[in-house]
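The next block holds one structure in the form of structure tokens; read it before the comments.
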Amino acid sequence: MNRVKIGQSVPRVEDQRFVTGRGRYIDDIDFPDQAHGMALRSPHAHARILSVDLSEAQNLSGVLFCFSGQDWADEGFGPLPTKSAVRTNSDGTDFKEPPRSCMAVDRARHVGEIVAFVVAETRATAIAALELIVVDYDPLDAITDPVAALQPGAVQIWDDIPNNLCIDWDLGDKTATDDAFARADHVVCLDLINNRVTAAPIEPRGAIAQYHTDSDTYTLHNATQNIHANRDIFATNVLHIANENLHHLAPDVGGGFGAKNGAYPEPALVLYAARKVGRPVKWINDRSESFLSDTHGRDQVSRVELALKGDGTFLALRTDSIGNLGSHCATVGPFTISGGSARTQGGPYGFEAMHYRGRGVFTNVALIDPYRGAGRPEASYQTERIIEYAARKLGFDPVELRRKNLIPPERLPLKTAMGLDVDCGNFPHVFEQTLAMTNRRSYGDRVTKSAASGNARGFAISPYLECTGGSPKEFVKIDFRADGQVDMSVGSQSTGMGHETALPQILASQLGLPLSDITFTQADTNATPLGGGHGGSRGLELGGNAVFQVANAIVVAGKSVAGHIFDLPADQVEFADGRFFVPDSNHNLSIREVIDASLDADHLPDTIDPQCMNRNSTFERGIISIPNGCHAAEVEVDLETGRVTIDGYWVVDDFGTIINPMLADGQVMGGIAQGIGQALLEDIKYDPQSGQLLSGSFLDYAMPRADHIPTMEIGYYEGAPTKKNPLGVKGAGEAGCVGAPPAIVNAVLDALQEFAVDHLDMPLTSEKVWQAVKGNVAK
């Protein structure tokens with residue numbers, strides 16, 4: 001393959017493997033003498049477990065081992081901890097973290113919680129054995145509404161956690177915010193909901209555990225996004241073994257979107273089972289189990305208030321949100337409703353003051369953990385909805401109101417009222433660039449044409465500002481081989497984002513190597529001593545900069561080798577375009593020649609270590625980066641059916657330096673598609689009395705299809721690369737999810753203005769839109 005550069009749209013090298021069916025996912029892996037595990041899950045949202053009788057299941061031919069939650073507890077295994085960065089309430093007291101055992105012991109607290117586990121010769125036998133387990137439940141009242149769960153007398157999920165309150169946290173200047181509201185000419189208030197969704201990756205979760213008797217060690221193949229952190233949880237916190245005694249690795253992973261980031265019970269259960277039966281144990285979730293047991297996202301109820309001057313200048317923003325955490329704290333759980341949703345309140349607009357309050361509440365539903373954006377989409381939706389609502393209520397043009405209040409570039413760098421460090425950007429330019437793409441001049445003609453067809457047309461523009469996250473360190477190791485191949489091992493991880501292309505592209509561009517020479521290894525705790533996996537749009541911010549950093553170290557080492565060959569000091573050697581040279585001389589060597597020389601220990605002086613160009617590097621982020629941009633949407637609403645068609649979609653993103661525009665486009669498109677899903681279709685629903693999941697299959701949970709996704713026009717602004725990292729990148733993976741929901745919802749509500757519909761909560765299904773139109777027909 002030809003040499004590549006940063007900024008070049010290099011096709012994804014991994015796609016050849018994927019589209020030809022040669023990907024290796026968790027269910028493609030089998031080991032000799034492998035057994036199969038299956039979990040028995042609670043059919044009740046809330047029930048005491050009086051007894052679990054495993055005898056009939058254990059006696060079924062082909063069953064190797066059964067165990068209950070009490071058996072698990074008797075082994076002394078530890079709970080799965082939460083790693084939330086926010087751990088204190090506003091008053092300084094600790095948040096409430098109930099023990100999250102891998103299995104329910106004396107009480108089940110949501111439908112789908114594991115009650116027993118079976119290991120058998122075949123998956124079919126394990127399923128049959130589940131039917132023979134007899135559990136004596138004493139059903140209890142359940143509660144699914146987080147607002148109701150806070151009320152006095154509500155069902156208590158945990159006996160020692162009053163009012164089901166996990167955390168009560170705030171950020172910002174409450175006094176300054178209250179003062180701004182007191183002197184405002186206009187105050188607008190809106191109650192809104194961020195609907196609960198599930199990631200539904202194309203590949204369900206799964207794991208295969210092996211126990212090695214001779215060394216008392218384990219190997220775990222796991223469809224996860226975060227092998228190092230989860231290895232430590234399974235080893236240290238749960239099994240109470242040394243981290244180095246658990247080799248954790250992930251094969252190709254078919255999507256994650258945050259739902260495969262945290263630590264789940266099942267991998268720990270199969271590790272234990274493998275040791276007990278002395279054989280590999282494989283467990284694969286089916287789709288129904290995934291709906292029940294995967295962590296969900298969003299699910300916040302919020303009151304948002306905006307204070308304005310008479311001319312429309314923003315003064316202050318106040319948000320009070322209640323987040324439904326489910327029955328336990330998940331791995332990151334309470335962070336989304338607290339810091340995750342607070343940091344980017346207010347978006348790219350100027351506010352004198354802001355205040356955010358977030359309360360996390362326990363209920364009898366599945367757990368909440370990060371889902372693509374993890375708080376930033378919630379914040380963007382809250383900000384953009386209240387601005388649009390205020391414009392309609394107060395008679396401002398929504399476009400002009402936003403334009404008036406965007407932070408101008410000359411005010412950067414600054415810290416927002418929420419303490420977010422915004423170092424660079426040009427929000428007005430990005431706004432105008434997006435608006436120019438939308439062909440506003442002929443918008444009136446399109447409105448008229450839609451009306452003639454009995455339809456309504458609407459438009460909205462939605463600037464956004466978000467931030468990166470995830471683990472602040474990343475590791476990369478480069479080994480040069482005598483056969484010409486270059487081995488790259490990274491601690492970051494792709495679950496479909498294209499790291500197998502982007503990270504080698506950075507190395508190849510810096511060293512002048514052919515991309516085809518680089519082999520790529522990820523998601524293996526034996527390959528790298530640390531790794532942050534995937535999450536928080538950190539892949540290039542951390543992993544990319546680690547590669548950039550190690551490339552520079554390789555060049556420095558190469559100059560020493562080249563200097564030895566040239567018989568000159570290393571500081572006289574320069575490097576460019578894949579060659580070491582001395583200016584104004586005939587000293588000139590390709591990097592491959594210098595690499596080969598570095599591997600030849602017999603011809604190196606004692607002052608140069610053999611294989612000195614084989615390097616590793618750990619990059620540590622100082623301050624998180626601030627991706628930003630602007631989305632715009634034009635929709636047509638069929639007034640007879642309520643169906644929403646997205647007729648145009650435009651977006652300009654400021655991701656800093658664009659390493660590979662084709663990969664960036666893919667990230668933007670995917671995020672927008674998921675944002676469209678939340679805005680129009682997706683909704684995890686529980687029966688409020690029984691706590692039963694009502695949207696537990698793709699028959700009931702509506703995913704976006706190809707005909708829901710519009711043609712998108714995507715642009716980038718690279719005029720303000722960040723100085724927070726050497727590459728100048730800002731993160732791209734979650735931005736689509738941040739900007740899409742408010743753009744879509746506001747456009748639909750713009751179309752429905754004549755029907756006096758000023759707010760609808762997501763998802764804006766055809767039925768919901770139709771009901772709103774029929775109930776609010778303009779007279």
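As a summary of the residue check, residue 674 satisfies the conditions (1) within 22 Å of residue 286 (Cα to Cα); (2) part of a helix (DSSP H, G or I); (3) open to solvent by less than 10 Å² (accessible area, probe 1.4 Å) except for the one numbered (3). Scanning segment 168-183 for residues that are over 30 Å from residue 679 (Cβ atoms) and outside any helix (DSSP H, G or I) turns up 173, 183. Within segment 709-726, the only residue that satisfies the criterion of being open to solvent by less than 50 Å² (accessible area, probe 1.4 Å), in a loop (DSSP other than H, G, I, E, B) and either among the β-branched types (Val, Ile, Thr) or in contact with a Pro (Cβ under 7 Å, 6 or more places away or on another chain) (or both) is 722. Taking the criterion of being open to solvent by 30 Å² or more (accessible area, probe 1.4 Å) and either within 26 Å of the chain's Cα centre (by Cα) or at positive phi (or both), would at least one residue in segment 56-64 satisfy it? Checked segment 56-64: no residue is open to solvent by 30 Å² or more (accessible area, probe 1.4 Å) and either within 26 Å of the chain's Cα centre (by Cα) or at positive phi (or both). The strands (runs of 3 or more DSSP E) found entirely in segment 570-623 that carry 1 or more residues being open to solvent by 60 Å² or more (accessible area, probe 1.4 Å) and among the charged types (D, E, K, R) are 574-576, 579-581, 615-620. Meeting the requirement of 1 or more residues that are over 30 Å from residue 23 (Cβ atoms) and at pLDDT 95 or above, the strands (runs of 3 or more DSSP E) wholly within segment 444-500 are 455-465. Any chance segment 645-664 includes a residue that's over 30 Å from residue 437 (Cα atoms), touching a strand residue (DSSP E or B) at 6+ places or on another chain (Cβ under 6 Å) and not acidic (Asp, Glu)? Within segment 645-664, none of the residues are over 30 Å from residue 437 (Cα atoms), touching a strand residue (DSSP E or B) at 6+ places or on another chain (Cβ under 6 Å) and not acidic (Asp, Glu).
The residue list 301, 238, 270 contains one member that is modelled with pLDDT of 95 or more, among the aliphatic types (A, V, I, L, M) and surrounded by fewer than 20 Cβ atoms within 10 Å (Cβ to Cβ), which is 301. For residue 94, are the conditions met, namely being in contact with a strand residue (DSSP E or B) (Cβ under 9 Å, 6 or more places away or on another chain), open to solvent by 50 Å² or more (accessible area, probe 1.4 Å) and within 20 Å of residue 234 (Cβ to Cβ)? Against the criterion (in contact with a strand residue (DSSP E or B) (Cβ under 9 Å, 6 or more places away or on another chain), open to solvent by 50 Å² or more (accessible area, probe 1.4 Å) and within 20 Å of residue 234 (Cβ to Cβ)), residue 94 does not qualify.
I'd like the full set of residues that are small (Gly, Ala, Ser) and open to solvent by less than 40 Å² (accessible area, probe 1.4 Å), limited to segment 685-701. 691, 695, 696, 697 - these are the residues of segment 685-701 that are small (Gly, Ala, Ser) and open to solvent by less than 40 Å² (accessible area, probe 1.4 Å).
Please indicate, with yes or no, whether at least one residue in segment 9-17 is outside any loop (DSSP other than H, G, I, E, B), surrounded by 14 or more Cβ atoms within 10 Å (Cβ to Cβ) and of a type outside the set (D, E, K, R). The answer is no, given that none of the residues of segment 9-17 is outside any loop (DSSP other than H, G, I, E, B), surrounded by 14 or more Cβ atoms within 10 Å (Cβ to Cβ) and of a type outside the set (D, E, K, R). Within segment 372-412, being among the acidic types (Asp, Glu), outside any helix (DSSP H, G or I) and either under 14 Å from residue 349 (Cα atoms) or assigned by TED's automatic domain parsing to the domain that holds residue 675 (or both) holds for no residue. Return yes when residue 469 is buried (at least 24 other Cβ atoms within 10 Å of the Cβ) and touching a residue at least 40 places away in the same chain (Cβ under 8 Å) and no when it is not. Taking the combined requirement at face value, the residue satisfies it.
Quick one: is residue 291 open to solvent by 10 Å² or more (accessible area, probe 1.4 Å) and either part of a helix (DSSP H, G or I) or without any contact (Cβ under 8 Å) to a residue 40 or more places away in the chain (or both)? No: the conditions fail for residue 291. Just one of the listed residues (105, 115, 111, 119) is aliphatic (A, V, I, L, M), surrounded by 14 or more Cβ atoms within 10 Å (Cβ to Cβ) and under 23 Å from residue 162 (Cβ atoms), namely 105.
Each row is one residue, and each column tells you yes or no for (1) within 27 Å of the chain's Cα centre (by Cα); (2) hydrophobic (A, V, I, L, M, F, W, C); (3) in the same structural domain as residue 125 (by TED's automatic domain parsing); (4) under 30 Å from residue 253 (Cα atoms).
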| site | (1), (2), (3), (4) |
| --- | --- |
| 7 | yes, no, no, yes |
| 35 | no, yes, yes, yes |
| 44 | no, no, yes, no |
| 54 | no, yes, yes, no |
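Scanning segment 433-464 for residues that are within 14 Å of residue 651 (Cβ to Cβ) and either outside the structural domain of residue 740 (by TED's automatic domain parsing) or open to solvent by 40 Å² or more (accessible area, probe 1.4 Å) (or both) gives 433, 436.
Okay, residues lined up against (1) open to solvent by 40 Å² or more (accessible area, probe 1.4 Å); (2) assigned to a loop (DSSP other than H, G, I, E, B):
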position	(1), (2)
637	no, no
645	yes, no
650	no, no
659	no, yes
667	no, no
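Out of the residues in segment 158-183 meeting the condition of being more than 19 Å from residue 368 (Cβ to Cβ) and touching a Leu at 6+ places or on another chain (Cβ under 8 Å), tell me which one is surrounded by the fewest Cβ atoms within 10 Å (Cβ to Cβ). Residue satisfying both the conditions and the ranking: 183. Restricted to segment 184-224, and to residues there that are surrounded by fewer than 21 Cβ atoms within 10 Å (Cβ to Cβ), under 30 Å from residue 734 (Cα atoms) and among the β-branched types (Val, Ile, Thr), the residue that is nearest to the chain's Cα centre (by Cα) is 202.
Those residues that are in a loop (DSSP other than H, G, I, E, B) and modelled with pLDDT under 95, I need them from segment 420-443; list them, please. 439, the sole residue that qualifies.
Residues in segment 594-623 that are free of Cβ contacts under 8 Å to residues at least 24 places away in the same chain and acidic (Asp, Glu): 600, 602, 606, 609. Among the residues in segment 283-303, are any under 19 Å from residue 365 (Cα atoms) and touching a His at 6+ places or on another chain (Cβ under 7 Å)? No. Of everything listed in (1) touching a residue at least 12 places away in the same chain (Cβ under 8 Å); (2) surrounded by fewer than 20 Cβ atoms within 10 Å (Cβ to Cβ); (3) in contact with a strand residue (DSSP E or B) (Cβ under 6 Å, 6 or more places away or on another chain), the single unmet condition for residue 629 is (2).
When segment 381-411 is examined, which residues are found to be hydrophobic (A, V, I, L, M, F, W, C), open to solvent by less than 40 Å² (accessible area, probe 1.4 Å) and in contact (Cβ under 8 Å) with a residue 60 or more places away in the chain? Answer for segment 381-411, where residues must be hydrophobic (A, V, I, L, M, F, W, C), open to solvent by less than 40 Å² (accessible area, probe 1.4 Å) and in contact (Cβ under 8 Å) with a residue 60 or more places away in the chain: 386, 387, 390, 399, 401. The set of residues in segment 732-758 being open to solvent by 10 Å² or more (accessible area, probe 1.4 Å) and touching a Ser or Thr at 6+ places or on another chain (Cβ under 8 Å) consists of 732, 733, 734. Taking the listed residues 691, 642, 666, the one that is modelled with pLDDT of 95 or more and in contact with a Phe, Trp or Tyr (Cβ under 7 Å, 6 or more places away or on another chain) is 642, with no other qualifying. Consider residue 546 carefully, then state whether it is touching a Leu at 6+ places or on another chain (Cβ under 6 Å), among the small types (Gly, Ala, Ser) and either open to solvent by 10 Å² or more (accessible area, probe 1.4 Å) or assigned to a helix (DSSP H, G or I) (or both). Taking the combined requirement at face value, the residue does not satisfy it.
The values are calculated or read from the model by the stated rules, or taken from the named source; none is laboratory data. Remember, predicted model here, so these are calculated numbers, not experimental data. Ideal geometry is used to build each Cβ from the backbone, glycine not excepted, and the neighbour counts take in all protein chains shown. Protein only, heavy atoms only, side chains kept; ligands, DNA and RNA dropped before computing areas. Shrake-Rupley method; radii C 1.70, N 1.55, O 1.52, S 1.80 Å.
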